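K.L.:
The structure is given below, and queries will be raised subsequently.
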Amino acid sequence: MNMKQPFESVVAQHSVTVLRVCRALLGVQDADDAWSETFLAALRAYPDLPETANVEAWLVTIARRKAIDVQRAAKRDPLPVETLPEAPTSIGIPGADDTDLWEFVGRLPGKQRQAITFHYLAGMSHAEIAAILGGTVDAARRAAADGLKTLRKHYPGAHTKGALQ
């Protein structure tokens, strides 16, 4: 009667082979991680492995697949450079060109400022704003409208620049 050996014995018996495969496919830098991932995956699948299976071949197959995963992940990693280029950008910074507009928005009362920010900057509905601020949808709509009215009244060039449309 064949009986599967304990997983600790499998690791002890085949760890050197798996490490060699990982180093051959990945190099020394990433081999240890792939080795660990191989045995973690093997540990999860080991109970379902048939007793007659070639354990070494099975582990080498897992190691090869883990090495492929590491290589694919490395392609998505940014490449290191000596120095980063100094290129200021306003991409992703809403209103970066209108710093004075956001100064005026900052002067609005709290609920109006938040309603303006959530609605026009984050694109949230009045119902979502009401859920955040507490209160009714009508109160959130009123706060946004009052804030917009105040901005149009006090912000210079609100109509010419097309701010907060």
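The values are calculated or read from the model by the stated rules, or taken from the named source; none is laboratory data. No experiment lies behind these values; they were computed from the predicted model shown. Counting neighbours? That spans all protein chains shown, and the Cβs are built from the backbone with ideal geometry, glycine included. Areas reflect the complete protein model, heavy atoms only, side chains present, ligands, DNA and RNA absent. Shrake-Rupley method; radii C 1.70, N 1.55, O 1.52, S 1.80 Å.
K.L.:
Quick one: would you say ALA57 is at pLDDT 85 or above, surrounded by fewer than 12 Cβ atoms within 10 Å (Cβ to Cβ) and not in a loop (DSSP other than H, G, I, E, B)?
P.N.:
Criteria met by ALA57.
K.L.:
Does any residue in segment 73-95 that is under 30 Å from ILE116 (Cα atoms) come within less than 8 Å, Cβ to Cβ, of a residue that is modelled with pLDDT under 75 and among the small types (Gly, Ala, Ser) six or more places away or on a different chain, and which pairs are these?
P.N.:
SER90/ALA96
K.L.:
Can I ask one more? If a residue must be more than 15 Å from LYS149 (Cα to Cα) and either in a loop (DSSP other than H, G, I, E, B) or within 27 Å of the chain's Cα centre (by Cα) (or both), how many such residues does segment 110-129 contain?
P.N.:
Of the residues in that region, 8 qualify.
K.L.:
Considering segment 133-150 alone, what residues qualify as being part of a helix (DSSP H, G or I) and loosely packed, with under 13 Cβ neighbours inside 10 Å?
P.N.:
Residues satisfying the conditions are ASP138, LYS149.
K.L.:
Note down all Cβ pairs under 8 Å where the first residue falls in segment 26-47 and is within 16 Å of THR61 (Cα to Cα) and in a helix (DSSP H, G or I), the second is at pLDDT below 95 and open to solvent by 90 Å² or more (accessible area, probe 1.4 Å), and they're at least six residues apart or on different chains.
P.N.:
ALA31/ARG23
K.L.:
Turning to a different aspect of this structure: Determine whether LYS111 is more than 30 Å from GLN13 (Cβ to Cβ), at pLDDT below 90, open to solvent by 80 Å² or more (accessible area, probe 1.4 Å) and in contact with a helix residue (DSSP H, G or I) (Cβ under 6 Å, 6 or more places away or on another chain).
P.N.:
Spelling it out, LYS111 is indeed more than 30 Å from GLN13 (Cβ to Cβ), at pLDDT below 90, open to solvent by 80 Å² or more (accessible area, probe 1.4 Å) and in contact with a helix residue (DSSP H, G or I) (Cβ under 6 Å, 6 or more places away or on another chain).
K.L.:
Consider ALA127 against the criteria (1) open to solvent by 50 Å² or more (accessible area, probe 1.4 Å); (2) modelled with pLDDT of 90 or more; (3) over 30 Å from ALA139 (Cβ atoms): it satisfies all of them except one. Which criterion is unmet?
P.N.:
(3)
K.L.:
Answer with yes or no whether LEU101 is under 16 Å from THR150 (Cβ atoms), in contact (Cβ under 8 Å) with a residue 60 or more places away in the chain and either open to solvent by 60 Å² or more (accessible area, probe 1.4 Å) or not acidic (Asp, Glu) (or both).
P.N.:
Values: under 16 Å from THR150 (Cβ atoms): yes; in contact (Cβ under 8 Å) with a residue 60 or more places away in the chain: yes; either open to solvent by 60 Å² or more (accessible area, probe 1.4 Å) or not acidic (Asp, Glu) (or both): yes.
Judged against the criteria, LEU101 is a match.
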